[in-house]
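Some notes on the structure that comes next.
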Amino acid sequence: MVLMHGDGVAKNIANVVNKLLNITKVAYFDMPLDMNVDDALIKIMNISKEIHQGKGILYLVDMGSLKNIPDSIEKFTGIRTRVIDNVSTPIVLEAARKAYFLDEDLDEIYNSICNRTFSNENKKRCIVTICSTGEGTADKLKNYIESNYELENLAIYSLSFFDITERTEKYYNIIRENDVLCLIGALDPEINGIPYVPTDKIIKDKNYLATNFGIKLKHNFLVENEYREIKETLEEFLTYINPSKVIEAYKLFIKDIEKYNIALKREKKIKLGIHMGCVVERLFTNNFIKHHAKNEVINKNNGLYQILKNALTVFNTMFNININDDEICFIIDIINYDELYV
């Protein structure tokens, strides 16, 4: 149904569309500029009751007070309504084509027209987080994503499950003005055309958003996640040494060797961190091991050996141990060959 201010504007658009599509389904109402809004509401409501066929009504309006009338109609009559403003003849034509020839439902037409209408306005990409009971969990999930991911030109919105399933105005404002990459929550609201991601998927797989939507983790999150994984593993292995202290020393050790352009990939950094915890406990309990090719390794990697020997003093000082050349050679092996000795 086309709603316009003035005399004959809505009628002309409706007639053009009906004629082009050879239908008589597009209704209209022209609101004289001197008409009271309440009087317009009554007239539009009566027309709506006459034309409604049980699937809702899409109101295509120009501006102003007409934008709010469909909400009142829905409250008074129970007819499901959607509103698109700033419309033109091509928009009305497209909506009618979708309704009467493609048999799309009210929400499909609304979403499609909104996306088309705003396609040239550089719609901002966004993610919507969902809470099944309110917005508390959605807000926490929103904060989690904002804290741990690179979000340049990407907005995060939180909504209740009710907002989405009932298609509230808050929901439609987000859908209309943004390109929604995905919906994240505990329950799938089943919105056509928008991917759903269960909450546990991004918690268990930190790279899920990067892999599927190109949203990169922040560097500090990746680093802290590495250290967290090392700590959790050491909590299983170590008996006498505090894993948190190992991580504290290991961070300083990594910072020191990185000054010499020794950059370890994630898996190797985790392996070496676990190894270092075992080295500390082994030496702390006077359990010494020998490297089978110590002299050869040192001679072949003398520069790396000197860097590591100096960087490892942080462990020696913190735990009152002496990391000997045999242990240093095992560390060299891990760095060079990705082997894990504990």
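The calculated P(r) of the stretch 265-334, using every Cα pair and 5 Å bins from 0, goes 3, 16, 28, 26, 20, 6, 0 in percent. Long hydrophobic helices in the chain: none of the complete DSSP H runs spans 20 Å or more by Cα along its own axis with mean Kyte-Doolittle hydropathy of at least 1.0. Per residue, the average separation of C-alpha pairs within less than 8 Å and at least 6 apart gives the chain a relative contact order of 10 percent. Overall, the ratio between the Cα radius of gyration of the stretch 200-342 and 2.2 N^0.38 Å, rounded to two decimals, is 1.11. A dipole drawn for the chain from +1 and -1 charges on Cβ atoms has a positive end, and of Gly54, Leu141, Ile164 the residue lying farthest that way is Leu141. Pop a pseudo-label 7 angstrom from the Cα along the beta-carbon direction at both Gln306 and Lys259 and give the gap in nm to one decimal. Placing both labels 7 Å beyond Cα along the Cβ direction yields 1.5 nm.
Entry note, the stretch 279-342: relative contact order of 44 percent, from Cα contacts under 8 Å with a spacing of 6+ residues.
On the principal axes of its alpha-carbon atoms, the chain has extents of 96, 36, 33 Å, going from largest to smallest. Pairs spanning more than 23 Å between alpha-carbon atoms, out of Lys218/Lys269; Lys142/Lys245; Lys11/Lys49: Lys142/Lys245.
Percent of accessible area on the chain owned by carbon and sulfur, 1.4 Å probe?
Exposed carbon and sulfur together represent 47 percent of the surface.
Across the cross-link table entries Lys204/Lys255; Lys206/Lys259; Lys201/Lys255; Lys216/Lys271; Lys140/Lys271, which are compared at the Cα atoms, the separations over 30 Å belong to Lys201/Lys255; Lys140/Lys271. Database remark: amide H of Tyr28 closer than 5 angstrom to the amide H of Val2 (H placed geometrically; neighbours at sequence offset of 5 or more, or on other chains; Pro and chain starts carry no H). Counting only DSSP beta bridges with both residues in the chain, the antiparallel share comes to about 5 percent.
Of all aspartates and glutamates in the structure, the ones whose alpha carbon falls short of 16 Å from that of Lys67, not counting any fewer than 8 places away in one chain, are Asp30, Asp38, Asp39, Asp85, Glu169.
Go ahead and run the numbers for FRET between Asp326 and Glu248, Cβ-Cβ distance against an R0 of 25 Å, rounding to 0.05. With a Förster radius of 25 Å, E is 0.55.
The values are calculated or read from the model by the stated rules, or taken from the named source; none is laboratory data. Keep in mind the model is a prediction, meaning the values are calculated, not measured. Neighbour counts are summed over all protein chains in view; Cβ atoms, including those assigned to glycine, are modelled from backbone coordinates with ideal geometry. To get the accessible areas, we keep the full protein, side chains included, count just its heavy atoms, and leave off ligands, DNA and RNA. Shrake-Rupley method; radii C 1.70, N 1.55, O 1.52, S 1.80 Å.
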